[in-house]
Structures are given as structure tokens and as C-alpha cells.
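The values are calculated or read from the model by the stated rules, or taken from the named source; none is laboratory data. Please read all numbers here as calculations on a predicted model, not as lab measurements. When we count neighbours, we look across all protein chains shown, and the Cβ atoms used for this are built from the backbone with ideal geometry, even at glycine. Protein only, heavy atoms only, side chains kept; ligands, DNA and RNA dropped before computing areas. Shrake-Rupley method; radii C 1.70, N 1.55, O 1.52, S 1.80 Å.
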Amino acid sequence: MDRRTPTVADLVHRAVEVCDPEDREEALGRFERQLEDDDEPVTAVENLEERLALASEGADYEIEDPAVSLASAVVLYLAGRKDHGEDVRDPLELMRLAARLQWHGDPPADVADWLADRGVDD
């Protein structure tokens with residue numbers, strides 16, 4: 001059975017749910033709204049990292065908001081997996097794997113602190 005390829009909006013929604021299950025991070029809400037209508041299949045996007053950075057107003061590069069930076073990392077992690085991360089159900093594990101991939105095991109201090117506050121350790 002072939003599964004539908006997720007859209008950018010699908011993966012952003014999952015990433016925001018993973019990073020903010022209680023819907024408390026205002027910046028993540030804005031990030032999700034920026035991409036909520038992006039119905040392009042994630043596999044068809046030529047530069048997903050750039051699209052995410054534009055939507056997060058540069059947070060990927062300047063680490064202005066660690067929640068948005070991590071959500072972007074989760075999207076990139078999911079997009080890069082053949083199964084789009086369907087096998088990873090634990091939100092903390094997904095955040096840990098995404099941070100490890102995005103920052104090669106050495107996330108910026110703000111992101112590391114944000115992760116530690118949520119019980120994610122490496």
C-alpha cells in the first residue's frame with residue numbers, strides 16, 4: 001500500500017505538535033500559520049531549509065527562538081527520512097534525533113537549554 005507523501009504543512013504541523021503539545025509557544029503558532037497552506041509534497045521542495053528559514057523569519061540561522069529552530073530541525077529530520085518519521089512516536093526522542101542531526105550533536109546553547117527544560121537529553 002502506497003502512503004501519501006506528506007506536505008510541508010503536514011510536517012510543520014507534526015513538528016509544532018511535538019515541540020509544543022500544550023500550545024504555549026506563541027512563536028510556534030506563528031511559524032505554523034506561515035506554512036499552514038503549503039500543500040506542496042515535501043519531496044518536491046527543492047530547498048526546504050530555506051523555506052523554513054523564511055517562514056521562521058531567520059530563526060534557523062540566528063537562533064532567535066529556540067522552539068522555532070527546533071521545530072524546523074524536526075521538519076528537516078522528518079522530511080529526510082524515507083518513512084517521514086512514522087516509526088518515531090516518542091516526541092522527546094524525535095526532538096533529540098532532530099537536534100542531533102541538525103547540529104551534529106552540539107546544538108546552540110539556547111536550543112540545548114530549551115531541550116533540557118523539556119527533559120530531552122543527549
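A Cβ distance below 9 Å, combined with a sequence gap of six or more or placement on separate chains, defines the contacts here; from the range 73-96, residues that are touching a residue at least 24 places away in the same chain (Cβ under 8 Å) reach residues that are assigned to a loop (DSSP other than H, G, I, E, B) and among the small types (Gly, Ala, Ser) in the pairs VAL74/GLY85; TYR77/GLY85; LEU78/GLY85; ALA79/GLY85; LEU92/GLY119; LEU94/GLY85.
The set of residues in the range 109-122 being part of a loop (DSSP other than H, G, I, E, B) and farther than 14 Å from VAL74 by Cα consists of ARG118, GLY119, ASP121, ASP122. You will find that of ALA67, ALA79, ALA73, the residue that is in a helix (DSSP H, G or I) and open to solvent by 10 Å² or more (accessible area, probe 1.4 Å) is ALA79 and no other. Whenever a residue of the range 32-57 is in a helix (DSSP H, G or I), its partners that are open to solvent by 50 Å² or more (accessible area, probe 1.4 Å) and among the β-branched types (Val, Ile, Thr), lying with C-beta atoms within less than 6 angstrom and at least six residues away or across chains, give the pairs THR43/THR5.
The residues on offer are ASP110, ASP121, ASP39, and the sole one that is open to solvent by 50 Å² or more (accessible area, probe 1.4 Å) and at pLDDT 95 or above is ASP39.
Residue by residue, here is whether (1) at pLDDT 95 or above; (2) open to solvent by 50 Å² or more (accessible area, probe 1.4 Å) holds:
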residue	(1), (2)
MET1	no, yes
THR5	no, yes
ARG14	yes, yes
VAL18	yes, no
GLY29	no, no
GLN34	no, yes
THR43	no, yes
GLU50	no, yes
GLU57	no, yes
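Within the range 4-54, the set of residues being over 21 Å from LEU97 (Cα atoms) and aliphatic (A, V, I, L, M) comprises ALA27, LEU35, ALA44, VAL45, LEU54. Looking at the range 92-108, which of its residues are under 21 Å from GLU49 (Cα atoms) and in a helix (DSSP H, G or I)? Passing the criteria: LEU94, MET95, ARG96, LEU97, ALA98, ALA99, ARG100, LEU101, GLN102, TRP103.
Any chance you could count how many residues in the range 1-31 are among the aliphatic types (A, V, I, L, M) and part of a loop (DSSP other than H, G, I, E, B)?
1
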